[in-house]
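A.B. asks: This is the structure, below, for whatever I ask next.
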Amino acid sequence: MKPRALFARSEGSAARGYRRYRGAKKPLPWYGWLLLSALLSALSAFFWFGSRRFAPLGALLRRGALAVSAFLSRLTGLIPIPLSEWLLAGLIFGVLIWLTVTLLRRRWAAFGRGFCFLVFLGSLILFLFVSLFLVQHSAPPLAQRLGLTVEQHTADHLAEYVAYTVEQTNALADKVPRSAAGDCDFGPFKSLSRLVQAEYDRLASENAVFAVPRPSSGKRSLLGGRIMSRIDLAGYYFPYTGEQIISTDVVDSHIPFDVAHEGAHARGIGPEDECNFAAWLVLKDSGDVRLRYSAWLNAYIYANNALFAVDRERASALYSSLPPEARHDLTVLNESLRRFEGKLNDLGSAVNDAYIKATGQPEGVRSYGKVVDLLLAWHDREAAR
Ligand SMILES: [Zn+2]
């Protein structure tokens with residue numbers, strides 16, 4: 001009889017459940033997980049809006065987040081492999097296996113309870129994301145903290161600046177180590193990443209804005225490098241472990257800049273344009289020519305892309321004034337990016353765009369390019385001195 005079979009099955013699982021929890025406390029009922037989820041979601045909303053509306057609360061939450069993040073980062077920094085990848089892979093596989101098993105065995109009660117637990121897990125992930133990282137977006141603009149005045153600029157002004165970045169790039173392009181084929185050959189990732197870390201220490205001693213709890217240095221992706229490239233991601237900061245992960249496909253000329261960009265996130269800078277600016281700022285005065293070159297090549301790319309949008313002819317002429325080594329590096333970069341073009345790349349870019357917009361940067365992925373405003377403001381201030 002059908003009902004009997006159903007009864008027998010549920011009795012069986014109850015017995016297993018009893019054995020598993022014998023002597024321990026009763027497991028949390030399904031509504032318990034949902035109540036906890038509601039509580040965590042409410043806390044997330046309070047941290048997010050509270051940090052933006054009430055400056056003292058924002059400052060307190062940011063300071064707390066920086067201290068905890070730096071601690072996590074140094075703890076996970078003891079392990080050379082990116083833990084974030086194992087956590088992400090474990091989470092995805094765990095959920096898939098659980099879904100398959102419960103659905104195949106038609107354990108609807110277990111499915112319902114598990115689903116409630118997943119809702120809880122989701123709200124815990126959100127809460128940690130908000131409290132460890134998103135609150136940093138409530139900080140006053142980096143330009144303001146550095147005393148920079150960001151102004152509207154004319155095409156002429158921009159072209160002048162591009163010419164200046166070309167000059168800087170010219171002075172360095174033939175001095176960086178290169179392979180026989182002429183590609184940038186910057187050596188092992190780890191030593192580059194440690195160098196960037198040391199440059200941040202130097203910057204922190206010169207500028208109070210960067211004097212924050214010290215995270216560990218950036219790691220190179222092991223499992224997900226190719227996946228990252230396919231979804232148009234050169235690097236990411238993982239607040240749960242405080243890790244800064246760089247894709248394996250990043251070309252050498254860009255490794256220092258991308259490590260420094262993720263390093264800025266780890267130092268409590270949220271907006272993408274500000275991280276790009278911090279990356280340029282920390283690398284441009286390095287004693288290492290590879291780091292300086294990465295800074296100026298990227299400044300050139302962002303500035304000339306901005307010029308290209310308003311004056312194609314002048315942008316092309318300035319490109320031609322680059323030395324052959326730098327033009328070769330740009331070809332290598334474009335080829336590397338073109339390799340991964342496709343639907344998945346567009347999708348990844350769209351997700352990143354939506355994510356950046358959700359963090360309060362209305363320009364989305366275009367906000368990386370807003371670094372040009374900061375570069376010009378810095379340049380004008382230095383020129384006026
Ligand atoms: Zn970023």
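The values are calculated or read from the model by the stated rules, or taken from the named source; none is laboratory data. Predicted model only: the values in this text are computed from it and were never measured. Methodologically, a virtual Cβ is constructed for each residue, glycine included, from the backbone with ideal geometry; neighbour enumeration extends over all protein chains shown.
A.B. asks: Would you point out the residue of the range 120-158, among those that are crowded, with 16+ Cβ neighbours inside 10 Å and either over 25 Å from the mean Cα position of the chain (by Cα) or among the basic types (Lys, Arg) (or both), that is farthest from residue 29 (Cα to Cα)?
C.D. replies: For the range 120-158, the residue satisfying everything is 158.
A.B. asks: Looking for something in a helix (DSSP H, G or I) and crowded, with 17+ Cβ neighbours inside 10 Å - is there at least one such residue anywhere in the range 174-188?
C.D. replies: Looking only at the range 174-188, we keep the residues that are in a helix (DSSP H, G or I), and these are none.
No.
A.B. asks: Within the set of pairs 6+ apart or on separate chains, which have a first residue in the range 358-370 that is over 16 Å from residue 138 (Cβ atoms), a second that is crowded, with 16+ Cβ neighbours inside 10 Å and among the polar types (S, T, N, Q), and C-beta atoms under 7 Å apart?
C.D. replies: Taking only residues 6 or more apart or on different chains, the pairs are 365/352; 367/361; 368/276.
A.B. asks: Need the failing condition index for residue 294 against (1) closer than 15 Å to residue 168 by Cβ; (2) among the small types (Gly, Ala, Ser); (3) in contact (Cβ under 8 Å) with a residue 60 or more places away in the chain, just the number.
C.D. replies: Going through (1) closer than 15 Å to residue 168 by Cβ; (2) among the small types (Gly, Ala, Ser); (3) in contact (Cβ under 8 Å) with a residue 60 or more places away in the chain one by one, residue 294 breaks only (3).
A.B. asks: Can you find a residue that is under 25 Å from residue 358 (Cβ atoms), among the basic types (Lys, Arg) and either over 13 Å from the mean Cα position of the chain (by Cα) or at pLDDT 95 or above (or both) anywhere in the range 267-283?
C.D. replies: Yes, there is a match, as at least one residue in the range 267-283 is under 25 Å from residue 358 (Cβ atoms), among the basic types (Lys, Arg) and either over 13 Å from the mean Cα position of the chain (by Cα) or at pLDDT 95 or above (or both).
A.B. asks: Something else now. Restricting to the range 60-87, name every residue that is out of contact with any strand residue (DSSP E or B) (no Cβ under 6 Å at 6 or more places or on another chain), of a type in the set (Val, Ile, Thr) and under 15 Å from residue 219 (Cβ atoms).
C.D. replies: So in the range 60-87, the residues out of contact with any strand residue (DSSP E or B) (no Cβ under 6 Å at 6 or more places or on another chain) come out as 60-75, 77-81, 83, 85-87.
After this cut, where a residue has to be of a type in the set (Val, Ile, Thr) as well, the list is 68, 79, 81.
Answer for the range 60-87, where residues must be out of contact with any strand residue (DSSP E or B) (no Cβ under 6 Å at 6 or more places or on another chain), of a type in the set (Val, Ile, Thr) and under 15 Å from residue 219 (Cβ atoms): 79, 81.
A.B. asks: One residue is enough: does the range 350-357 have a residue meeting the conditions crowded, with 19+ Cβ neighbours inside 10 Å and within 16 Å of the ligand (Cβ to nearest atom)?
C.D. replies: Looking for residues that are crowded, with 19+ Cβ neighbours inside 10 Å and within 16 Å of the ligand (Cβ to nearest atom), one finds at least one in the range 350-357, hence yes.
A.B. asks: Still on this model: Residues being under 17 Å from residue 237 (Cα atoms) and touching a His at 6+ places or on another chain (Cβ under 9 Å): count how many of those fall in the range 263-320. Walk me through how you get there before you give the answer.
C.D. replies: Here is the first cut: in the range 263-320, the ones under 17 Å from residue 237 (Cα atoms) are 263-279.
Keeping just the survivors that are touching a His at 6+ places or on another chain (Cβ under 9 Å) gives 270-272, 275-276, 278-279.
Residues meeting the conditions: 7.
A.B. asks: Continuing with this model, one more query. What is the number of the single condition among (1) surrounded by 15 or more Cβ atoms within 10 Å (Cβ to Cβ); (2) under 29 Å from residue 211 (Cβ atoms) that residue 319 does not meet?
C.D. replies: Every listed condition holds for residue 319 apart from (2).
A.B. asks: Then there's this: Going through the range 317-364 one residue at a time, which ones are over 30 Å from residue 180 (Cα atoms) and of a type in the set (Lys, Arg)? Don't jump to the end; show me each part of the working.
C.D. replies: Residues of the range 317-364 that are over 30 Å from residue 180 (Cα atoms), as a first pass: 342-364.
Selection gives 343, 357.
A.B. asks: I'm trying to understand the selection: among the residues of the range 232-291, which are away from the ligand (no atom under 13 Å from the Cβ), outside any loop (DSSP other than H, G, I, E, B) and without any contact (Cβ under 8 Å) to a residue 60 or more places away in the chain?
C.D. replies: The answer is 284, and nothing else.
A.B. asks: Let me ask another. How do the pairs read when you match residues in the range 90-103 that are within 22 Å of residue 223 (Cβ to Cβ) and in contact (Cβ under 8 Å) with a residue 12 or more places away in the chain with residues anywhere that are surrounded by 10 or more Cβ atoms within 10 Å (Cβ to Cβ) and among the small types (Gly, Ala, Ser), using Cβ under 8 Å and keeping only pairs 6 or more apart or on different chains?
C.D. replies: From residues that are within 22 Å of residue 223 (Cβ to Cβ) and in contact (Cβ under 8 Å) with a residue 12 or more places away in the chain, the pairs are 98/114.
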